[in-house]
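Here is the structure we will look at, set down as structure tokens.
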Amino acid sequence: MQDETVILLLRHGESEANINKIFAGNTDAPLTERGLNQAKITALYLKDKNISAVYSSDLSRAYCTACETARLHGLDVVKDKRLREIDGGEWEGLKEEDRRRLYPDAFQMWARDIDLHIPGGESPKEVQVRMHECILEIAEKHVGQTVCVASHAGAIRSLCALFFERDGVEFADIPWVTNASVTTLVYKDGALSMKEYGYDRHQITDEK
């Protein structure tokens with residue numbers, strides 16, 4: 001039996017795309033001032049965790065979020081494209097009302113059907129596969145340690161569908177994690193499990 005590895009999976013802080021309801025996907029949308037503050041609050045919340053390594057999506061909203069935690073632990077951030085948000089294809093840069101108008105059928109179903117491709121982009125299932133591969137690889141590199149990983153709402157939700165499905169929860173009913181929340185995964189005996197999904201009570205000090 002091997003030691004337990006803890007993965008602290010962060011969603012990035014609020015981005016410019018979030019407040020403008022723009023589908024960023026693989027588009028590089030910077031953090032807002034509030035988003036940076038959220039990242040700092042999460043970093044302080046994780047300050048006393050014995051974090052050995054920090055990984056991040058290569059998109060700036062996740063990377064800048066990860067940097068706040070890395071700084072408090074004297075670590076560098078390792079970027080990995082597999083931790084990116086879902087590829088939005090033809091939806092990249094579109095506002096919610098435009099996606100609803102131009103792609104009514106796909107808009108209604110993509111958050112409900114894990115196998116549905118965004119036009120010209122990815123399906124949540126494809127995101128799940130690359131996220132799972134990446135997280136397993138990270139966990140195997142850091143057996144018995146605690147690791148911080150910064151990613152995105154869609155990517156986290158797609159990955160965690162694996163664990164919800166084991167409990168009979170359908171993809172459509174899985175909630176979205178909030179900005180700068182912490183999802184805790186555990187890797188033991190070659191398998192991943194989820195301990196907590198989208199914890200965000202440390203953000204209570206953030207102005208809503």
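The values are calculated or read from the model by the stated rules, or taken from the named source; none is laboratory data. Nothing here was measured: the structure is a model prediction, and the numbers come from that model. Glycine gets a Cβ as well: all are built from the backbone with ideal geometry, and neighbour counts include every protein chain shown. For the accessible areas, the whole protein counts, side chains as well, though only heavy atoms, and no ligand, DNA or RNA atoms are used. Shrake-Rupley method; radii C 1.70, N 1.55, O 1.52, S 1.80 Å.
Restricted to segment 164-208, and to residues there that are open to solvent by less than 40 Å² (accessible area, probe 1.4 Å) and of a type in the set (S, T, N, Q), the residue that is farthest from Leu46 (Cα to Cα) is Asn179.
Taking the criterion of being closer than 23 Å to Ala17 by Cβ, at pLDDT 95 or above, out of contact with any Leu (no Cβ under 6 Å at 6 or more places or on another chain) and open to solvent by 70 Å² or more (accessible area, probe 1.4 Å), would at least one residue in segment 75-86 satisfy it? The answer is yes; a qualifying residue exists.
The residue of segment 148-169 that is nearest to Asp48 (Cα to Cα), among those that are without any contact (Cβ under 8 Å) to a residue 12 or more places away in the chain and assigned to a loop (DSSP other than H, G, I, E, B), is Asp167.
What's the total number of residues in segment 117-139 that are crowded, with 18+ Cβ neighbours inside 10 Å and assigned to a loop (DSSP other than H, G, I, E, B)? Count: 4. Determine, yes or no, whether Tyr63 is within 15 Å of the chain's Cα centre (by Cα) and aromatic (Phe, Trp, Tyr). Yes, satisfied. Considering only residues of segment 87-104 that are among the charged types (D, E, K, R), over 21 Å from the mean Cα position of the chain (by Cα) and open to solvent by 70 Å² or more (accessible area, probe 1.4 Å), which is farthest from Asn26 (Cα to Cα)? Only one residue fits best here, namely Arg101.
When Phe107 is tested against (1) open to solvent by less than 70 Å² (accessible area, probe 1.4 Å); (2) at pLDDT 95 or above, exactly one condition is not met: (2). When residues in segment 3-34 are screened for being closer than 22 Å to Thr183 by Cβ, open to solvent by 30 Å² or more (accessible area, probe 1.4 Å) and assigned to a loop (DSSP other than H, G, I, E, B), 3 of them pass. Working only within segment 46-62, note down all residues that are crowded, with 18+ Cβ neighbours inside 10 Å and either polar (S, T, N, Q) or not in a strand (DSSP E or B) (or both). Across segment 46-62, the qualifying residues are Leu46, Ser56, Ser57, Leu59, Arg61, Ala62. Across segment 140-163, the qualifying residues are those that are of a type in the set (D, E, K, R) and open to solvent by 40 Å² or more (accessible area, probe 1.4 Å), and the one among them that is farthest from Leu192 (Cα to Cα) is Lys141.
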